[in-house]
1. Compute the helix-to-body angle for 59-76: its Cα long axis versus the longest principal axis of the chain, expressed 0 to 90° and rounded to tens.
2. If I model a spin label at E311 and E194 as a point 7 Å from the Cα along the Cα→Cβ vector, what separation in nanometres do I get?
3. Taking the Cα atoms only, what angle lies between the long axis of helix 111-122 and the longest principal axis of the chain, rounded to 10 degrees?
4. Set Lys and Arg Cβ to +1 and Asp and Glu Cβ to -1, take the dipole of the chain about its Cα centre, and tell me which of P323, T182, S289 lies farthest positive.
5. Please calculate how many Å² of accessible area the chain carries per residue, with a 1.4 Å probe and no DNA, RNA or ligand atoms counted.
6. Mind grabbing the accessible area of E32 for me, 1.4 Å probe, Å², rounded to tens?
7. For the chain, what is the mean residue ellipticity at 222 nm derived from helices alone (per DSSP H run of n ≥ 4: -39500 (n - 2.57); sum divided by total residues; nearest 500 deg cm²/dmol)?
8. Within segment 209-366, what whole-number % of the accessible surface is contributed by carbon and sulfur, with the 1.4 Å probe and all protein chains included in the calculation?
Amino acid sequence: EKGGFDHFMLKEIYEQPRSIKDCMRGRIYPEEGKVQLGGIKEFAEKLKNIDRIIIVACGTSWHAGLVGEYLIEEYARIPVEVEYASEFRYRNPIITEKDVVIAISQSGETADTMAAIEMAKERGATIFGICNVAGASIPRLSHAGVYTHAGPEIGVASTKAFTAQVTVLTLMAFYMAQQKGTITTSKLIELLTELDNIPEKIQQTLESNNIIKEVADKIKDSTNCLFLGRGSGFPVALEGALKLKEISYIHAEGYPAAEMKHGPIALIDEEMPVVFIATQNSSYEKVISNIQEVKARKGKVIAIVTQGDTEVKKMADYCIEIPDANEAFLPLLATIPLQLLSYHIAVMRGCNVDQPRNLAKSVTVE
Ligand code: F6R
């Protein structure tokens, strides 16, 4: 049942080239520069006139929401707010009929996320669900939605469901941009052609497994770890930290790299591993100066870099390469080595990776 893998988590990590392909199937038409999302088609007109989008979710799904915010604002130019469902439901949030609330949930049963959309629905918002489990409560409560089609996820730590959520949000951002006319067909052709090729690039990323295992061995005895990124690399850093803490029980924090000097930098000494998302995109130079700040304090730097990078390699203790890609697709690629890193560290520490202590696959109580 684990298909020859030692754990479900590892199997699910390796399934990602396929699960992302399944998620895109029948939804993207790269040659025509077109995205089709049958699940929200009825709302195509409405999407032209919405004032804002509120994304509600918990945990890893909330991290996917942060990536969604970045993509929807960039391409569809619609303001997005990303809320922890548990906080949102107990505020008295301002919601109108012109709002679209997107609930992201692998299980479709998370109590806080359900309660948040019930409240938003009562106040007149249109609810879209992004779920993995067909027919679950959240899809039933939603007006419309898009399934992630990642297949059953057994490992408690979410891996392939996360990348499928990010894929759906990418498709939604492009779909909304197409509806609103904030993107040209030629740009969409370019982006979709590249997106279509992402499963292949994830496959290449998985081939760094042995290098990642070596890095895992070097940092497995740490008691703390920092993950830093900027732009869409920031939610990737948050997700990397969450994966590490939940399965290896190492205390880890994700931070926007530039925020480091406002506090966390005090933690850095020769014992502290700092994982940077340092790929070649718009924040590359800025991340490089953040790496210098860590090295000046003797921190151990592990960097996720673009294939062929030379600058970061001069400074970092360990580098893990990922294929070059448009910034929009960076989270899909950069997440993969962080999943593997956590996995190997947890295995080396003798942890129960598929069923970490105190955690449940779906949190149906608040
Ligand atoms: C982390 C993890 C959790 C879930 C969270 C929300 O690996 O799995 O943080 O992401 O409990 O669950 P869903 O997506 O089912 O609503």
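The values are calculated or read from the model by the stated rules, or taken from the named source; none is laboratory data. In this text the structure is predicted, and so the values were computed from the model without any measurement. Virtual Cβ from ideal backbone geometry, glycine too; neighbours counted across all protein chains shown. Surface accessibility is based on the protein's heavy atoms, side chains included, excluding ligands, DNA and RNA. Shrake-Rupley method; radii C 1.70, N 1.55, O 1.52, S 1.80 Å.
1. That helix lies at roughly 70 degrees to the long axis.
2. 1.8
3. 30
4. T182
5. Numbers: 14610 Å² over 366 residues.
Counting only protein heavy atoms, the per-residue value for the chain is 40 Å².
6. 110
7. Working: 14 runs with 161 residues, N = 366.
So the helix-based figure for the chain works out to -13500 deg cm²/dmol.
8. On the way: 3030 of 6460 Å².
After summing per-atom areas, the C and S share lands at 47 percent.
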